[in-house]
Each structure stands twice: as C-alpha cells, then as structure tokens.
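Report on one structure; see the data block that follows.
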Amino acid sequence: MLTEFDLKYVPLKVIKGRVVADFLADNPIEQTEVIDTWSFPDENVVHIENDIWDLYFDGASNYMGYGVGILLISLTGEHVPVSIKLDFNVTNNAAEYEACLLGLRNALDLGVKKLLVHGDSSLVINQVGGSWKIKSQSLAPYQTRIEELEKYFEDIRYVHLPREENQFSDALSKLAALINIPSHVNSMPICVERRSSPAYVNVINDTEEGETEPWYTSILKFKETGKYPPDLDTRGKRALRILSA
C-alpha cells in the first residue's frame, strides 16, 4: 500500500538534550492558566485501597507442652486471635512451622486472598520466603504444604519482625502450651478486654443490707484525717493504707 508513495527511510540520529532545551527556550508556550502545583491529577481515578490482611504467628515449645499462636487482622482492623494446643512432640522450629501453616489455613477459611505474614523466626521466614534452603528433612514437609496453600492466594508476602513486636501471638502460643484442655473439650474460647478503671467503680455508692454507711467510709475518713478506726489491728491498718493509696 505504501509503494505508490515516494518514501525514503533513513536511520534516526541521536538528538542531544541540549538541542531540545535550546528549542524549548526559543519557542516558549504561552501559559493562559495558572498551574496548581498542589493538585493531584485524576485523584478520583488513581485510588489505592489496602486489601491485604495481616497474619502474625508464633510457636511455643517448652517442658509444659507445645502451642501455636495466630493473630489475623482484617481490612477493617478487626483482630481474630487463635490459640492451638499441640498434643504431639515438636521442636522449636517445627512449632514455628506449625503456627505459620495453621495461620495460612485459617486465613483461607476466612476467604483471605492477599496476606502479609509476620513472624519472629528468621529461619521460617527466610525459608518459606525462598531466601534460604531447607536442609532438615523433618521440616521439608511443612515447606511443601505451605507452597501448596500459597497457590490459593493472589498475593502473599513474608516479613520478619523482632520478637517484641510479636507479643500477642507469642502470648497465645504460650497460653496454649501451658493450659491443660480436658479430653472431652475441643476448644476453649478466650476474650481479652481493656479496662481503664477498677471493677468496683460502678458500685461505688452501693451499700450492703443492714449497713447505714457505704463501704469506703473508713478509707475516706483516713484520707481526710489520717487516723485509723479504733477497731483495726496491724494487718487491717496496712490494708487501709494500701486501699487509700
């Protein structure tokens, strides 16, 4: 189709940057609108949403038993703690692998597709991440199973973190290792809450039946006068000082 035209092909020569700069300087473009340097172009189009879950895992192996601690954090910040007791003997490294593998299973059960895995075991993180090779034959099956589960994720990455930043999953693993679960019980739910005041605050004005004064009358008088009630012994005086503090 191009044969009917008188076309000539020549190699493209290198254009030095200085030539382009001189051309632009000699032919300035008249700016009719003020450029807002602080605006972000297509800010309604270019939108990044964090759709990655976080998984923290840890394993415990001691003379009391063996346990696994897992903490999953959803996209909305909800925490899903899992504590599993192992009724078989494992080494420290095997306990870490158990925690990592069971954590991946729990994430898949919740429908997680993108996962950021955090662990304080440099051995496990580097081996499952592909940086180190597995030399132990007893740990090789864990690696094989983890690779099988990774296929179900759209994105999965491994991050090593210091032990002090992995306290929650560490506590869950030690809890599972220390407690004795009855043989007829498969699971024991746990709930960890935060309280900023003593438990007696809501009943501060309550009085027992037959009493005319609230329970804190002695404490209040001691705070005001510094004197003990006449019927207190040495142990009672010490308890009053502690409560007053």
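Read the figures in this text as sums done on the coordinates, not as results from a lab. Values in this document were obtained by computation on a predicted structure and should not be read as measured data. A quick note on method: Cβ atoms are made from the backbone with ideal geometry, for glycine too, and the neighbour counts reach across all protein chains shown.
Points to keep in mind about this one:
- Packing, taken as the mean count of other beta carbons within 10 Å per residue, orders the peptides 138-145, 101-108 from highest to lowest as 101-108, 138-145.
- Ordering of 225-231, 120-126 by packing is 120-126, 225-231, highest average first (other Cβ atoms within 10 Å, averaged per residue).
- J(HN,Hα) series, segment 224-241, from Karplus relation 6.51 cos²θ - 1.76 cosθ + 1.60, nearest Hz, glycine and proline x: 7, 10, x, 10, 8, x, x, 9, 8, 8, 4, 5, x, 5, 5, 5, 5, 5
- By the count of neighbouring beta-carbon atoms within 10 Å, fewest first, C100, C191 end up ordered C191, C100.
- Integer Hz, Karplus 6.51/-1.76/1.60 couplings in order for segment 152-165, x for Gly and Pro: 8, 9, 6, 8, 9, 9, 10, 10, 8, 9, x, 4, 5, 9
- In terms of packing, defined here as the mean over residues of other Cβ atoms within 10 angstrom, the peptides 67-73, 154-160, 54-60, 179-185 line up highest first as 54-60, 67-73, 154-160, 179-185.
- Residues V82, V112 in ascending order of nearby Cβ atoms (within 10 Å, fewest first): V82, V112.
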